[in-house]
Amino acid sequence: MFDAAAQYRALAPEIDAAVARVLGGKQYILGPEVEAFEAEFARWCGATHAVGVGNGTDALRVALVACGVGAGDEVVTSASSSPFTALAIAMTGARPVFVDVDARTYTMAPDGVAAALAPRVRAIVPVHLYGQPADMDAILALARPRGLRVVEDACQAHGAEYRGRRVGTLADAAAFSFYPTKNLGAVGDGGAVVTADADVAARVRMLRDGGRADRDRHVVRGVNSRLDELQAAILRVKLRRLDEWTERRRALARLYRDGLASAPVELPFEAPWARHVYHLFVVRSAARDALRGRLAAEGIDTLVHYPIPLHQQEAFRAPAALPNAERDAAQVLSLPLFPQLADEQVARVCRAVVAG
Ligand SMILES: Cc1ncc(COP(=O)(O)O)c(C=O)c1O
């Protein structure tokens, strides 16, 4: 599903130089590499501010807190996502409220959001799942008249576009993850909040560093979630390749589409508003587990994102019937897709799926 070493080998001289620069420097946490990466990543997104944090979960959590979310509030999100989306909401003290997803895009269904807008709802977290933006215009049309904040979960969607605009610029703030397997991955944990709102950016900067206003004065209870210099220096190297890697992901997705045209699986739907960045290439099959078993027998790794919808997770259990999310949990299968994958490897996966 992923080859971390292949990504390193492709960039070894530049990454080694970046690491040496940090180790020989004066600061290992929140120093010049983080500052430079923040500026470069914000520019790459087409946004004004990026603030580096320890991981994507904390990015979402502090972005929500910076937008005023806290205990007693409810935050509406999609039932089909990483459990870390729900965890980030819960860590603010708010209660996650799960809504169903669109049957074709796997992203939050706006009519489900409309039905969930109870008085305590303070914010909405659309998830750009698998690399495809949610239907942001419909979601913002619900949020804006009610004064609700909207924070994008862009952890799987670096560089994805909604009607020509990159994710990270579509709402009040956005959370990115740099977990190693992400489209832009560190060699450990990392994350960032991206926003056009200078107040939100300033609050995130304070929150990520313990909630202190200066070295000695802690004015709010923040978190300790800082991006380190090594990760930032390596992310800077990889950011320069990200557009090229996204093109490669999209080319591999096209190969899959051609190779699987006659296969007994449902292919990903690229919405008319979307430029999908294929963090994952997810197919749907009523016989998912049998297919997965056959592929495994041929030495082909696959994963399931995600086998348990969030409203049925023990940690977040909520009484709801969300039929699309429940069906997807039983039927989705992620096939291998990462930029270093060879065309022939995709062809081999296709042959194995078609034979099923
Ligand atoms: C949709 C989504 N949200 C949030 C996260 C959390 O990111 P991290 O693992 O960097 O905390 C992830 C990744 O795991 C994710 O895929």
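The values are calculated or read from the model by the stated rules, or taken from the named source; none is laboratory data. No experiment lies behind these values; they were computed from the predicted model shown. Note that each Cβ is placed from the backbone with ideal geometry, even for glycine, and that neighbours are counted across all protein chains shown.
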Could you list, in sequence order, the residues of the range 240-285 that are crowded, with 20+ Cβ neighbours inside 10 Å, closer than 30 Å to D16 by Cα and not polar (S, T, N, Q)?
-> W245, R249, L252, V277, Y278, H279, L280
Would a scan of the range 70-83 turn up a residue that is more than 17 Å from V204 (Cβ to Cβ), away from the ligand (no atom under 15 Å from the Cβ), touching an Asp or Glu at 6+ places or on another chain (Cβ under 7 Å) and in contact (Cβ under 8 Å) with a residue 40 or more places away in the chain?
-> no
Starting from the range 40-54, keep only residues that are in contact (Cβ under 8 Å) with a residue 40 or more places away in the chain, then list their pairs with residues that are basic (K, R) whose Cβ atoms are within a distance under 6 Å, requiring at least 6 positions of separation or different chains.
-> C45/R166; G46/R166; V51/R205; V53/R208
Kindly provide the set of residues from the range 42-56 that are under 17 Å from V200 (Cα atoms) and within 16 Å of the ligand (Cβ to nearest atom), ordered by number.
-> A50, V51, G52, V53, G56
Selection status of I15, within 14 Å of the ligand (Cβ to nearest atom), of a type in the set (A, V, I, L, M) and assigned to a helix (DSSP H, G or I) | no
Taking the range 113-129 on its own, how many of its residues are closer than 25 Å to S285 by Cβ and assigned to a loop (DSSP other than H, G, I, E, B)?
-> 1
Which listed residue is loosely packed, with under 15 Cβ neighbours inside 10 Å and within 23 Å of P96 (Cβ to Cβ), from G68, G24, G54 = G68
Condition test on R241, is it within 16 Å of the ligand (Cβ to nearest atom), of a type in the set (D, E, K, R), over 15 Å from R104 (Cα atoms) and modelled with pLDDT of 95 or more?
-> no
Considering residues of the range 90-101 that are farther than 14 Å from R317 by Cα and out of contact with any Lys or Arg (no Cβ under 8 Å at 6 or more places or on another chain) only, the residue farthest from the ligand (Cβ to nearest atom) | G93
Answer from A320, A329 - the residue that is in contact with a His (Cβ under 9 Å, 6 or more places away or on another chain), surrounded by 15 or more Cβ atoms within 10 Å (Cβ to Cβ) and either within 15 Å of E266 (Cβ to Cβ) or not acidic (D, E) (or both) | A320
Filter result (farther than 19 Å from A79 by Cβ and either within 17 Å of the chain's Cα centre (by Cα) or among the aromatic types (F, W, Y) (or both)) within the range 280-302 = F281
Just checking, which of R166, R217, R212, R221 is buried (at least 19 other Cβ atoms within 10 Å of the Cβ) and not small (G, A, S)?
-> R166
Given (1) of a type in the set (S, T, N, Q); (2) within 16 Å of the ligand (Cβ to nearest atom); (3) not in a helix (DSSP H, G or I), where does S262 come up short, assuming only one miss?
-> (2)
Please note which strands (runs of 3 or more DSSP E) are completely contained in the range 130-233 and include at least 2 residues that are out of contact with any Phe, Trp or Tyr (no Cβ under 8 Å at 6 or more places or on another chain) and within 15 Å of the ligand (Cβ to nearest atom).
-> 149-153, 173-177
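Quick grid of which residues meet (1) without any contact (Cβ under 8 Å) to a residue 40 or more places away in the chain; (2) under 30 Å from G164 (Cα atoms); (3) within 16 Å of the ligand (Cβ to nearest atom):
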| position | (1), (2), (3) |
| --- | --- |
| L280 | no, yes, yes |
| G293 | yes, no, no |
| A297 | yes, no, no |
| E314 | yes, no, no |
| L335 | no, yes, no |
| V349 | no, no, no |
| G356 | no, no, no |
Filter the range 288-312 for residues that are within 15 Å of S80 (Cβ to Cβ) and among the β-branched types (V, I, T); the one that is surrounded by the fewest Cβ atoms within 10 Å (Cβ to Cβ) is I308
Answer yes if at least one residue in the range 90-112 is at pLDDT 95 or above, assigned to a helix (DSSP H, G or I) and of a type in the set (V, I, T), and no otherwise.
-> no
